[in-house]
Amino acid sequence: MQFVDTYKHKGLRKQLIEKLREDTRITNEFIFDAFESIPRHYFLDNAFVEQAYSNIAFQIGAGQTISHPITVAFQTQLLDLQPNEKVLEIGTGSGFQTLILFEMGVNVVSIERQRELYLKTKPLIENLIRHNKEIRRDVFQEQKLAVNSNARLSKLEKMEVLKRLDINYRAKHFSPRLILGDGYLGSPTNAPFDKIIVTCGAPTIPQALIDQLKPGGVMIIPVGEGSEQVMQRIVKNEEGSISIEEHGTFKFVPMLENINK
């Protein structure tokens, strides 16, 4: 599988990121870094390259969509991700949100119920991660050389910078675990999770997902039975109860039960 990322693609990506920066809700700089690292046009047909960097959703098959970039960024912001956390994603879809999470340095388990999408997305993600790891390895080596040759840094400062580079490099060596399954059931064998993100509209909050959250864990889920859902940020308290914050209305495809075979 060939991945072509030209100067034109990179320019369009920078324009999209500048648009995202206009939304004052997005404050985590690592989210913008992730958007720069993951070319969105890889997840759409070649005919839609320029539209890939517009703030619009796209059909990706099986009645599913790749979400608006601002929605991806906003849900990621609400998660408040920390390096090395274990995150469950419900609705792999195109895999774009999956790889944004991956680029944030977390360990991702992602569930997709549509077999058509699962079979399409799994090799794309695996090949793209392999491709990016080769690039990241080369960049890491260049960064180490630059630090070691920097005469303005003391030996102690060099050690600190190299340590941070090494942590960041290793944090992105997870590979997302992709599962064909029912999102309502979560993934008990991989639980508990620090964070859960649901990328489809649920009529109610699935109890199985609450059960699989660690105490203190956070779930971001759009909830509602109509054409619009309310984005909810759910925090699981130490004794098992939950607290809910609401963060505006959105439109998602519905969350469905059972596996589409």
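Results, tabulated for the structure shown:
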read-out: The lone exception for GLY93 - which of (1) on the phi < 0 side of the Ramachandran plot; (2) crowded, with 24+ Cβ neighbours inside 10 Å it fails; value: (1)
read-out: Qualifying residues in the range 65-77 (those that are open to solvent by less than 20 Å² (accessible area, probe 1.4 Å) and not hydroxyl-bearing (Ser, Thr, Tyr)) - the one farthest from LEU20 (Cα to Cα); value: ILE66
read-out: Residues (over 18 Å from the mean Cα position of the chain (by Cα) and modelled with pLDDT of 85 or more) located in the range 159-189; value: MET159, GLY181, ASP182, TYR184, LEU185, PRO188, THR189
read-out: Hey, LEU78 modelled with pLDDT of 90 or more, farther than 24 Å from TYR42 by Cα, in contact with a strand residue (DSSP E or B) (Cβ under 7 Å, 6 or more places away or on another chain) and assigned to a helix (DSSP H, G or I) or not; value: yes
read-out: Residue among ILE60, ILE31, ILE56 that alone is modelled with pLDDT under 75 and touching a Ser or Thr at 6+ places or on another chain (Cβ under 6 Å); value: ILE60
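The values are calculated or read from the model by the stated rules, or taken from the named source; none is laboratory data. Since this is a predicted model, take the numbers as computed values, not measurements. Virtual Cβ from ideal backbone geometry, glycine too; neighbours counted across all protein chains shown. Only protein heavy atoms, including side chains, enter the accessible area calculation; ligands, DNA and RNA are left aside. Shrake-Rupley method; radii C 1.70, N 1.55, O 1.52, S 1.80 Å.
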